[in-house]
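Asks: Just dropping this structure here.
The values are calculated or read from the model by the stated rules, or taken from the named source; none is laboratory data. It should be emphasised that the depicted structure is a prediction, and the values quoted were computed from it without experimental measurement. Heads up, the Cβs are rebuilt from the backbone with ideal geometry, glycines too, and the neighbour counts pull from every protein chain shown.
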Amino acid sequence: MTKSIFFDGESILYFDYFCKIIFIPMRSSHLLLALLFCPLIVFAQILPKENSKLNYRIIGYSFPEIKQSKKYVLQVAEGRYFSEDSFLKSLVITDTAGTNRIIHEVPKFGVEYTWRITGYDKSGKALRKSGFNHFSTRYGKHADTAFARLRLLQSVDKAHQDYYVSEDFVSTLYDMSGNPVWFLPDTNGLGNSIIDMKCAYDSTITFIYSTPINANLNGDIYWQAPRSMVLNGDSVGIRYHHEFTKLRNGHFMSLGMEGRQCRDIISADTTTIECTKERKPVPGFRRGKFGLILEYDENKNLVWTWNSAEHLIGTDYDYFTPRDSNIKFDPHDNAFYFDEENKVIYLGFRNLNRVMKIEYPSGKVLDIYGDNYKKNQPWAGEGFFCNPHNIQRLPDGNLLYFDNNSCNYSDSLPEIIVAKEPTKKGEEMLVVWRFTLPVEPGIRQRFESGGSVTELPDHTFFVCMGSDYAKMLIVNREGKILWSALPENLVPVEKKWYVHKQDRACIISKKDFEKLVWRAEKEK
């Protein structure tokens, strides 16, 4: 479809990715130059691009500057129009800005929209109107509130209105009133059962869907981790899990998993351990799962790895004696935080109730916080953790973590804890702040897995309680709840809403999300 836009008195028409000059009042010597650069000028400045199909409702409108304009008026109509009368009758947005870049939210998914810009001088006189531009928002079932919703339990306070929160698994982003504003489209082989979705520093998103993926809001994949690697001389498939992060140097770091089987070989004065690469159970060998930290570069080359087997075999693994011999040794590492500035990685183990502090890149274990099976070995904070699931280092140097608190008794509630690291190895951690997360009256839920916590710039905390009661909330340091909501899915047969289980949730500011939008629209 041909449409018209105007630049300083020059009428330029274009069709799709082709810019055809119909009339330009300039010398013929400049014609070739104009033909070469016209497509770049037009398409670099008009966003969203003509006929774009967008999977978000927060739209970035960008258009060429109009000389002498002091303000610009954006008009958006619901529907596809080419005539003035029809367009004006269906307006849903009229907004004014001082620049030629405007962010505005359209009302619905699954709808076509027509928009244009008018420039005005300082006296209020209209200088030019752009032609009619068109885009549509896609439909996504997980962003359809007839099937999935974020039900508010407590409205947000004024200080946190301009945030958006995500749900794992359904891959949807909501505003703080529970309205869906973005969903991950099922394109490029992506599904909706993703975990650990978050915003990276370079206005991209990261998440795990079978393998770790770095993408934009459109679902266009920039980088995807390999499905196998060479380990101990063999090519083995990798099971990625729980956490994936894009590092500041452009590399990618994720948790992985390796299975091993080992047995004790006892001689007269020593006991050694023999391990096999055999994947099927071998009589006399004990089975175990061990965690990997994997770092890849931009070209998917494995540039660094750390294997918990090298630290747990000969210690915890040897003292693991379950009643059922078929039960695997499973430390269940489920979270890491890489302090890139200080070159330290904190690795959390749910089933060991432990956090290891690891020096990077040497891989040396600097300290152990929590329980340890090995006898007569000093460690800090015995019993300090109780099924931890998330950890990070705060700007003030303290550690923040989410604790399921489910290893002691059935009705315990999860906690978020801020703790001060010991200054010497072997000393205990010191709790600086602790908050027990509340549930609504009548809720009986064991919090055995999942959960996450993030500190916001104002030092409040955004929390996902995980498990089957994955309530999200914001709480301040005085223990006051500032917002809370429950993710829910409709079971059509029962015509009943149920809380949607999730592993973690992330929160993103309006400013950071708008950066994601601009990048995605340019790359559409």
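Asks: So, Glu274, is that one at pLDDT below 90, over 24 Å from the mean Cα position of the chain (by Cα) and either surrounded by fewer than 15 Cβ atoms within 10 Å (Cβ to Cβ) or among the aromatic types (Phe, Trp, Tyr) (or both) or not?
Replies: Judged against the criteria, Glu274 is a match.
Asks: Mind telling me which of the residues Ser123, Ser130 ends up being at pLDDT below 95, more than 23 Å from Ser62 (Cα to Cα) and outside the structural domain of Met253 (by TED's automatic domain parsing)?
Replies: Ser123
Asks: Hey, could you check region 58-73 for residues that are touching a Phe, Trp or Tyr at 6+ places or on another chain (Cβ under 6 Å) and assigned to a strand (DSSP E or B) and say which is nearest to Asp175 (Cα to Cα)?
Replies: Once the filter is applied, the top-ranked residue is Gly60.
Asks: List, please: which pairs have Cβ atoms under 9 Å, are six or more places apart or on different chains, and start with a residue in region 241-256 that is over 18 Å from Arg227 (Cα atoms) and end with one that is in a strand (DSSP E or B)?
Replies: Cβ pairs passing all conditions: Leu247/Met253; Leu247/Glu295; Leu247/Phe338.
Asks: For region 445-469, give me the residue count where each residue is assigned to a strand (DSSP E or B) and out of contact with any Cys (no Cβ under 9 Å at 6 or more places or on another chain).
Replies: 3
Asks: Let me ask something else about it. Name the residues in region 153-188 that are touching a residue at least 60 places away in the same chain (Cβ under 8 Å), assigned to a strand (DSSP E or B) and polar (S, T, N, Q), would you?
Replies: Scanning region 153-188 gives Gln154, Ser166.
Asks: Would region 436-452 turn up any residue that is surrounded by 22 or more Cβ atoms within 10 Å (Cβ to Cβ), in the same structural domain as Phe336 (by TED's automatic domain parsing), closer than 29 Å to Lys343 by Cβ and in contact with a strand residue (DSSP E or B) (Cβ under 8 Å, 6 or more places away or on another chain)?
Replies: yes
Asks: Might you let me know whether region 184-194 holds any residue that is of a type in the set (A, V, I, L, M, F, W, C), within 26 Å of Ser449 (Cβ to Cβ) and in contact with a Gly (Cβ under 7 Å, 6 or more places away or on another chain)?
Replies: yes
Asks: Name the residue, out of Tyr120, Tyr139, Tyr113, that is buried (at least 21 other Cβ atoms within 10 Å of the Cβ) and either touching a Pro at 6+ places or on another chain (Cβ under 9 Å) or of a type in the set (Ser, Thr, Tyr) (or both).
Replies: Tyr113
Asks: Moving to a separate point now. State the number of residues belonging to region 357-394 that are among the acidic types (Asp, Glu) and either at pLDDT below 70 or touching a Gly at 6+ places or on another chain (Cβ under 6 Å) (or both).
Replies: Counting residues in region 357-394 that are among the acidic types (Asp, Glu) and either at pLDDT below 70 or touching a Gly at 6+ places or on another chain (Cβ under 6 Å) (or both) gives 2.
Asks: Can you find even one residue in region 154-164 that is surrounded by fewer than 17 Cβ atoms within 10 Å (Cβ to Cβ) and under 19 Å from the mean Cα position of the chain (by Cα)?
Replies: yes
Asks: Still on this structure, please answer the following. Quick check on my filter: what residues within region 189-198 are surrounded by 21 or more Cβ atoms within 10 Å (Cβ to Cβ), at negative phi and part of a strand (DSSP E or B)?
Replies: Residue satisfying the conditions is Met197 alone.
Asks: Then there's this: Is it the case that Ser467 is within 20 Å of the chain's Cα centre (by Cα) and surrounded by fewer than 17 Cβ atoms within 10 Å (Cβ to Cβ)?
Replies: Here the answer is no, as Ser467 does not meet what is asked.
Asks: Criterion first (touching a strand residue (DSSP E or B) at 6+ places or on another chain (Cβ under 7 Å) and modelled with pLDDT under 95) does Ser166 satisfy it?
Replies: Taking the combined requirement at face value, the residue satisfies it.
Asks: Counting only residues that are over 29 Å from Lys67 (Cβ atoms), in contact with a strand residue (DSSP E or B) (Cβ under 6 Å, 6 or more places away or on another chain) and not in a strand (DSSP E or B), how many does region 80-105 have?
Replies: Going through region 80-105 one residue at a time, the tally reaches 2.
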